[in-house]
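Student: Before anything else, here's the structure in question.
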Amino acid sequence: MKISTKGRYALRMLYDLAIHHEEGYVSLKDIAERQNISKKYLEQIVPLLNKTGLLRTNRGNKGGYMLAGRADEVTVGDVLRATEGSLAPVTCLEFEPNECPRMKDCSTLFVWEGLFRTMTDYLDSISLQDIIDKNISDGGDYCI
């Protein structure tokens with residue numbers, strides 16, 4: 001599986017909002033400049049994050065964007081599912097219950113289920129706050 005720029009940039013956008021949460025609503029222009037991402041591209045990502053409830057928006061003079069929840073509640077898995085869709089490595093695992101006609105005879109299903117479980121467990125175990133904390137402990141400058 002390959003994560004698209006949409007998924008990576010969404011993570012950077014939400015990370016930026018998390019580290020600037022004291023400022024309240026943050027303009028897309030500011031995020032774009034700090035993260036060196038096109039504002040137009042971020043405008044395409046915003047609806048995906050809005051739809052899944054990860055982002056709060058405010059229009060007007062003091063308008064902008066902020067995280068809808070706390071940084072320790074938003075996981076990398078949440079962000080990637082919002083932007084990439086299903087993280088399932090094979091189509092048959094995208095639906096619950098798995099209705100693949102070959103399911104009972106599939107000799108490799110356990111491989112894909114294990115990969116899916118490992119990947120989702122890992123991505124869901126890392127929050128935006130974890131990324132912030134790791135960056136600070138490594139002496140980072142808030143760039144991901």
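Student: Quick test for you: out of LEU93, LEU115, LEU109, LEU80, pick the one residue that is surrounded by 11 or more Cβ atoms within 10 Å (Cβ to Cβ) and either within 24 Å of ILE37 (Cα to Cα) or polar (S, T, N, Q) (or both).
Tutor: Details: LEU93 fails: either within 24 Å of ILE37 (Cα to Cα) or polar (S, T, N, Q) (or both); LEU115 fails: either within 24 Å of ILE37 (Cα to Cα) or polar (S, T, N, Q) (or both); LEU109 fails: either within 24 Å of ILE37 (Cα to Cα) or polar (S, T, N, Q) (or both).
That would be LEU80, the only listed residue that is surrounded by 11 or more Cβ atoms within 10 Å (Cβ to Cβ) and either within 24 Å of ILE37 (Cα to Cα) or polar (S, T, N, Q) (or both).
Student: Name the single residue, out of those in segment 50-66 being among the charged types (D, E, K, R) and within 19 Å of VAL79 (Cβ to Cβ), that is surrounded by the fewest Cβ atoms within 10 Å (Cβ to Cβ).
Tutor: Filtering first and then ranking leaves LYS51.
Student: Right, another one. Among the residues that make up segment 30-49, is at least one of them aliphatic (A, V, I, L, M), surrounded by 16 or more Cβ atoms within 10 Å (Cβ to Cβ) and in a loop (DSSP other than H, G, I, E, B)?
Tutor: Yes, segment 30-49 contains at least one residue that is aliphatic (A, V, I, L, M), surrounded by 16 or more Cβ atoms within 10 Å (Cβ to Cβ) and in a loop (DSSP other than H, G, I, E, B).
Student: Follow-up question, since we're still on this one. Is there any pair linking a residue in segment 1-25 that is under 30 Å from TRP112 (Cβ atoms) to one that is modelled with pLDDT of 95 or more and not in a helix (DSSP H, G or I), with Cβ under 8 Å and at least six apart or on different chains, and which?
Tutor: Close Cβ pairs (under 8 Å, with a partner that is modelled with pLDDT of 95 or more and not in a helix (DSSP H, G or I)) amount to TYR9/ILE37; ARG12/ILE37; LEU14/LEU54; LEU14/LEU55; LEU14/LEU67; LEU14/VAL74.
Student: Which of the residues that make up segment 77-93 are in contact (Cβ under 8 Å) with a residue 40 or more places away in the chain, touching a helix residue (DSSP H, G or I) at 6+ places or on another chain (Cβ under 7 Å) and assigned to a helix (DSSP H, G or I)? Walk me through it before giving the result.
Tutor: As a first pass, look at segment 77-93 and keep what is in contact (Cβ under 8 Å) with a residue 40 or more places away in the chain: 77-80, 82-84, 87, 89.
After this cut, where a residue has to be touching a helix residue (DSSP H, G or I) at 6+ places or on another chain (Cβ under 7 Å) as well, the list is 77, 79-80, 82-84, 87, 89.
Scanning segment 77-93 gives GLY77, VAL79, LEU80, ALA82, THR83, GLU84.
Student: Same structure, new question: If you check every pair at least six apart or on different chains, which have Cβ atoms under 9 Å apart with a residue in segment 121-133 that is touching a residue at least 60 places away in the same chain (Cβ under 8 Å) first and a residue that is charged (D, E, K, R) second?
Tutor: LEU128/ARG70; LEU128/ASP72; LEU128/GLU73; GLN129/ARG70; GLN129/ASP72; GLN129/GLU73
Student: Filter segment 94-140 for residues that are among the β-branched types (Val, Ile, Thr) and part of a helix (DSSP H, G or I); which is nearest to ARG81 (Cα to Cα)? Outline the logic, then answer.
Tutor: At the first step, the residues of segment 94-140 found to be among the β-branched types (Val, Ile, Thr) are 108, 111, 118, 120, 126, 131-132, 136.
Filter once more, so that each one left must be part of a helix (DSSP H, G or I): 111, 118, 120, 131-132, 136.
On the way: VAL111: 21, THR118: 15, THR120: 10, ILE131: 18, ILE132: 20, ILE136: 26 Å.
Among residues in segment 94-140 that are among the β-branched types (Val, Ile, Thr) and part of a helix (DSSP H, G or I), the one nearest to ARG81 (Cα to Cα) is THR120.
Student: Any idea which residue in segment 51-85 is farthest from ASP130 (Cα to Cα), counting only those that are touching a Phe, Trp or Tyr at 6+ places or on another chain (Cβ under 9 Å) and among the polar types (S, T, N, Q)?
Tutor: The residue in question is ASN58.
Student: How many of the residues in segment 18-29 are assigned to a loop (DSSP other than H, G, I, E, B) and under 17 Å from VAL74 (Cα atoms)?
Tutor: Of the residues in segment 18-29, the ones assigned to a loop (DSSP other than H, G, I, E, B) are 20, 24-25, 27.
After this cut, where a residue has to be under 17 Å from VAL74 (Cα atoms) as well, the list is 20.
The number of residues fulfilling the criteria is 1.
Student: So, one more: Taking only segment 93-129 into account, find how many residues are under 23 Å from the mean Cα position of the chain (by Cα) and either modelled with pLDDT under 90 or of a type outside the set (Gly, Ala, Ser) (or both).
Tutor: The first filter runs over segment 93-129 and keeps only residues under 23 Å from the mean Cα position of the chain (by Cα), leaving 93-96, 112-129.
If we keep only those that are either modelled with pLDDT under 90 or of a type outside the set (Gly, Ala, Ser) (or both) as well, we get 93-96, 112-113, 115-124, 126, 128-129.
Here the count works out to 19.
Student: A further question on this structure: Against the definition (at positive phi and out of contact with any His (no Cβ under 6 Å at 6 or more places or on another chain)), how does GLY63 come out, yes or no?
Tutor: Details: at positive phi: no; out of contact with any His (no Cβ under 6 Å at 6 or more places or on another chain): yes.
It is false that GLY63 is at positive phi and out of contact with any His (no Cβ under 6 Å at 6 or more places or on another chain).
The values are calculated or read from the model by the stated rules, or taken from the named source; none is laboratory data. All figures in this text were calculated on a predicted structure; none of them were measured in a lab. Ideal geometry is used to build each Cβ from the backbone, glycine not excepted, and the neighbour counts take in all protein chains shown.
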